[in-house]
Amino acid sequence: MPVKVGLTGGIASGKSTVSAELARLGAVIVDADQIARDVVAPGTPGLAAVVAQFGTDVLRPDGSLDRPALGRRVFGDPAALRRLGAITHPLVAEESARRQAAAPPDAVVVHDVPLIVENRLAGSYDIVVVVGADEAVRLERLVRDRGMSREDALVRIRAQATDEQRRAVADVWLDNSGTPEELLAAVGRLWRERLDPGSAAPGGPSFPGGRGRP
């Protein structure tokens, strides 16, 4: 049956780069962020539920979800974030399960999920891969690459799990505080040593830099 990999990491950690490289190497990617956008597309029950909870000011003039406006409502407000999650998480989980079931039997299916730790999902995967980077590095990326203020960037970072919490569930830890080339090299080793169906069996010896779950 398909190997089920959970890929996670904090905002601006480089998780998307890892996901893209694993796709290039042959993995099937189930992107929770993309699914989360799909389940609140115009005309969906998900969007209707979000509007019922947060009001029409989270909509753009064309009726689509204004994600930055919604983000400003929920990040930094744990209760609001929980209400949003209660709407979207079940929808995302249902669609993710459907895509997992549709994968070929010998596939490596990578679930790119930002909130594996926060939603206590680590036990759902054969292997959990965490992409990590120092907070200062991630903060600089958000300011430089996404145009966020330092204050908004810190709110986003600190609304998520800590590195200590992520390490506690990580079977593999990929450090992305260095260069893109170093990260891609680490992904290549991960694929060869732990994930490639033609090489070592998943769940084998701990990958260098990783921490097994207790």
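The values are calculated or read from the model by the stated rules, or taken from the named source; none is laboratory data. It should be emphasised that the depicted structure is a prediction, and the values quoted were computed from it without experimental measurement. With ideal geometry, Cβ positions are generated from the backbone for all residues, glycine too; neighbour counts draw on all protein chains shown. The protein model used for the area step is the full one, side chains on, heavy atoms only, and it has no ligands, DNA or RNA in it. Shrake-Rupley method; radii C 1.70, N 1.55, O 1.52, S 1.80 Å.
Quick notes on this one:
- Test: A122 is modelled with pLDDT of 95 or more and under 22 Å from R82 (Cβ atoms): yes
- Residue within segment 11-24 that is surrounded by fewer than 15 Cβ atoms within 10 Å (Cβ to Cβ) and closer than 25 Å to R120 by Cβ present: no
- Whichever residue in segment 153-178 is free of Cβ contacts under 8 Å to residues at least 24 places away in the same chain and open to solvent by 60 Å² or more (accessible area, probe 1.4 Å) and, among such residues, is farthest from V137 (Cα to Cα): E164
- Residue among V155, V131, V143 that alone is hydrophobic (A, V, I, L, M, F, W, C) and under 16 Å from the mean Cα position of the chain (by Cα): V131
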